[in-house]
1. Filter the stretch B:119-133 for residues that are more than 7 Å from chain A (Cβ to nearest Cβ), surrounded by 24 or more Cβ atoms within 10 Å (Cβ to Cβ) and outside any loop (DSSP other than H, G, I, E, B) and give the result.
2. Any chance the stretch B:566-584 includes a residue that's over 21 Å from the mean Cα position of the chain (by Cα) and open to solvent by less than 20 Å² (accessible area, probe 1.4 Å)?
3. Which residue out of B:Val152, B:Val183, B:Val194 is surrounded by fewer than 24 Cβ atoms within 10 Å (Cβ to Cβ) and assigned by TED's automatic domain parsing to the domain that holds B:Leu224?
4. How many of the residues making up the stretch B:149-191 are in contact with a Ser or Thr (Cβ under 8 Å, 6 or more places away or on another chain) and more than 12 Å from every other protein chain (Cβ to nearest Cβ)?
5. Give all pairs with beta carbons closer than 8 Å in which a residue from the stretch A:20-35 that is open to solvent by less than 60 Å² (accessible area, probe 1.4 Å) meets a residue that is part of a strand (DSSP E or B) and of a type outside the set (A, V, I, L, M, F, W, C); count only pairs at least 6 apart in sequence or on separate chains.
6. Tell me whether the stretch B:426-441 contains one or more residues that are in contact with an Asp or Glu (Cβ under 6 Å, 6 or more places away or on another chain), of a type outside the set (Ser, Thr, Tyr) and modelled with pLDDT under 95.
7. Consider A:Glu94 against the criteria (1) out of contact with any Leu (no Cβ under 7 Å at 6 or more places or on another chain); (2) open to solvent by 10 Å² or more (accessible area, probe 1.4 Å); (3) more than 8 Å from every other protein chain (Cβ to nearest Cβ); (4) in contact (Cβ under 8 Å) with a residue 12 or more places away in the chain: it satisfies all of them except one. Which criterion is unmet?
Amino acid sequence: MQLTLKIWRQKNASDKGGFATYPVNHVSKDMSFLEMLDVLNEELTEKGEDPVHFDHDCREGICGTCSLYINGKPHGPLQTTTCQLHMRSFNDGETITIEPWRAKAFPVLKDLVVDRGALDRIIQAGGYVNVNTGGVPDANEIPIPKTIAELAMDAAQCIGCGACVAACKNASAMLFTSAKVSQLALLPQGRVERKTRAEKMVAQMDSEGFGACTNTGACEAECPKGISITNIARMNREYFSAVISSDNL
Amino acid sequence: MILDSKIPAGPLAEKWTKHKFNSKLVNPANKRKYDIIVVGTGLAGASAAASLAELGYNVKAFTFHDSPRRAHSIAAQGGINAAKNYQNDGDSVFRLFYDTIKGGDYRAREGNVYRLAEVSVKIIDQCVAQGVPFAREYGGLLANRSFGGAQVSRTFYARGQTGQQLLLGAYSALSRQVANGKVKLYPRSEMMDVVMIDGHARGIVTRNLITGAVETHAAHAVLLCTGGYGNVFFLSTNAMGCNVTAAWRAHKRGAYFANPCFTQIHPTCIPVSGDHQSKLTLMSESLRNDGRVWVPASKENSEKLRKGLIKVSDLKEEDRDYFLERKYPSFGNLVPRDVASRNAKEVCDDGRGVNETGEAVFLDFRDAIKRDSKAVIESKYGNLFDMYKQITGEDPYEGPMMIYPAVHYTMGGLWVDYNLMTTIPGLYCLGEANFSDHGANRLGASALMQGLADGYFVIPYTIGDYLAQTPPKKVDENHPEFAKVAQEVKNRVSQLLNINGKKTVDFFHKKLGKIMWNQCGMARTAEGLKQAKAEIKALKKDFWADVKVLGTNEELNLSLEKAHRVADFIELGELMIDDALNRNESCGGHFRVEYQTPEGEALRDDENYAYVAAWKYVGEDQEEELYKEPLEFENVKLTQRSYK
């Protein structure tokens, strides 16, 4: 295959940035999208040009490091991570536009690399159960109905890639935040602190500059792990029942 | 130097309890006076950082990732072992200990392995308390499966994403301590060297990957939880960023490197599709519970299959060779990883491989689907089947998967004693980065167990013993040693940037990978190893003369990051060769062609090689010195492993 790539290049956080166009030849349909970029980068390096910087690591769709806004969609045309997108999803001769995640809360660091530290800070605000190591009950002393465990697992599958934010016209992080709030609100271990958790995580989310949710559903449609928008409804319920009886007023 | 493993005396089952009691404690009010550096935030690092912060120590946690949650522990699929015996099927701490020692082909320490089995039960309790959504039965209790060669069901799992859920559990505990102000997090920071003062590890030098700033950090103890070195082979199932740099820098400062040649080749990976390949994808070996491994019985049929002259469905039952079931009737497709991998290589070398490259065997679910229905198989392996289809474009519900072994895990690592301390006082090593518990071969679902055991339940006890003997006075970052090591790091950066050669970093990495895979992979010979050593020496010379590293230090610079790592991989590769050459026996993942039984199984030499080979770095381009830690077995009888 032969392709034309229009890639966002930006030297650093303060640089204005702009698109650059690169032809790539010798692309096989079995390559992953990132392997195609590897080929481009080898060619650029050989020519003495700065390779295109992008985030990636496990290349098996689970670490959540890779991003890329491909032809106007986070992670490209399929509902997977970019590392699991293969070139057989594109046509010979196509022009592909590649941009970084666009969101106020995700500043660009270089080229296609953005800072997603805001997501870590949302978890730090309350995405955990307050237990220390040791001194916990035997695992089977907390029976959990299979259906509840499965629902919690559905929510827990979030890989923290930020595609939901990138897909949202409001750059909202509601799907990400609600996945963790839901997982812990569903499980007995997390119920003890459900009120403060919902309040704190939502407050942190707002303070990071993420937008509000207007229920367009773009996040769910683009989530590579199929996290359901019903988690947002659950978080809203958690949040509203927390604030009306809040201890923090 | 005599290697003292510090294994406590006394009966096996009492060693850890006794050791915990005999370890000195740090007064609760004094804990806040101690600083601890944790490098790496995978299972071992995150669990250690969180647990130590909970105790009251001040922790600084470093990761080269953008977030601690990205560590490669996240990719583990199948599960985590624990001797809970919830299934009433005969499991016990001793049985898990025994299986692990035997699975490791009797090249691990009894004391360490028993402790691992002992604390395994507490790990599950801890994870459940954190809200890890393990699989459950309808009654609400935890589900188990049998996994990777075990004859009891002791593996706990969360769909095919157990590593992810356990890591997110440890990450949540870590995040909690960040919020509490007890852990300071340094993302996108790569450790470049250890700083030693008066023979003790007292800090590290890091490079900020965004700004290039070379920074120094002081502490009373340093923990390396930096994972394995499988990427020395270029192609492996490791994430792209996995590297040996932290461990290797420590090695060059005096930490011995143990059993570097013990690498695990995992049998169920998606075969290589072409030269562009950047990594290999593993599929959980839980697939072998229901999938049957086979190749055509005749070379002719394999050749026809490769050329597309016949289809899989044209092969009748008698044309198929279910080689694992045939050779190992009692374990069948569930033989340990090294045995399964070697047999796959053997049938492919015999010309019976099945894909275009001839390096693949079938993993077939036809019979399982017929027996249990597609829905049952989908509920067990749905995500793995989807992943296979995503990558290969083929539907494994319709025809068999194709698999081939790939480098997956490294049992070798920095030598540590029972306290997880390296040969450098104050420098600890946890998780895959150390050598301690898996001997020459790791059993499935044991990596997660070891990472979390080290972090949650071992280091919080053992580090106290060291710190209690260390004055709580702040380590002075103005000590000249910090500036000296930082300058050395800066010099190395400029050296790499100023070579201005013609070949890319990846060129060298791929070349190194090929040498290692061909000569130090699934089968090794003295002759091949000697040849590989010469090739690596030449490669190292060429690297430092002709590598092309673009850009500057003061920016996000991927080629510079990679150059540092590949330079260290090249040196490690040479040590792996030395170690493989030294070990004139076959054991576990180390298969020397010269040493095999008449049936082609690994032939150990317990009389001469029942020891840990620990290597000491003595200087640039000098042969490393070998130190032997004899392995003593008091509770198990060494036998030829048999899975027939």
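The values are calculated or read from the model by the stated rules, or taken from the named source; none is laboratory data. Just so it is clear, the model here is predicted, and its values are computed rather than measured. Cβ atoms come from the backbone with ideal geometry, glycine included; neighbour counts cover every protein chain shown. Side chains are part of the model used for accessible areas, which takes the heavy atoms of the whole protein and leaves out ligands, DNA and RNA. Shrake-Rupley method; radii C 1.70, N 1.55, O 1.52, S 1.80 Å.
1. Scanning the stretch B:119-133 gives B:Ser120, B:Ile123, B:Cys127.
2. To start, the set of residues in the stretch B:566-584 that are over 21 Å from the mean Cα position of the chain (by Cα) comprises B:581-582, B:584.
From what is left, the residues that are open to solvent by less than 20 Å² (accessible area, probe 1.4 Å) are none.
Looking for residues that are over 21 Å from the mean Cα position of the chain (by Cα) and open to solvent by less than 20 Å² (accessible area, probe 1.4 Å), one finds none in the stretch B:566-584, hence no.
3. Details: B:Val183 fails: surrounded by fewer than 24 Cβ atoms within 10 Å (Cβ to Cβ); B:Val194 fails: surrounded by fewer than 24 Cβ atoms within 10 Å (Cβ to Cβ).
Matching residue, one of B:Val152, B:Val183, B:Val194: B:Val152.
4. Counting residues in the stretch B:149-191 that are in contact with a Ser or Thr (Cβ under 8 Å, 6 or more places away or on another chain) and more than 12 Å from every other protein chain (Cβ to nearest Cβ) gives 7.
5. A:Ala20/A:Lys6; A:Ala20/A:Arg9; A:Tyr22/A:Thr4; A:Val24/A:Thr4; A:Asp30/A:His86; A:Met31/A:His86; A:Ser32/A:His86; A:Phe33/A:His86
6. yes
7. (1)
Results for (1) touching a helix residue (DSSP H, G or I) at 6+ places or on another chain (Cβ under 9 Å); (2) crowded, with 21+ Cβ neighbours inside 10 Å; (3) outside the structural domain of A:Asp15 (by TED's automatic domain parsing); (4) among the small types (Gly, Ala, Ser), shown as yes or no for each residue.
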residue: A:Asp57; (1), (2), (3), (4): yes, yes, no, no
residue: A:Thr81; (1), (2), (3), (4): yes, yes, no, no
residue: A:His86; (1), (2), (3), (4): yes, yes, no, no
residue: A:Ile98; (1), (2), (3), (4): yes, yes, no, no
residue: A:Ala139; (1), (2), (3), (4): yes, yes, yes, yes
residue: A:Ile159; (1), (2), (3), (4): yes, yes, yes, no
residue: A:Asn170; (1), (2), (3), (4): no, no, yes, no
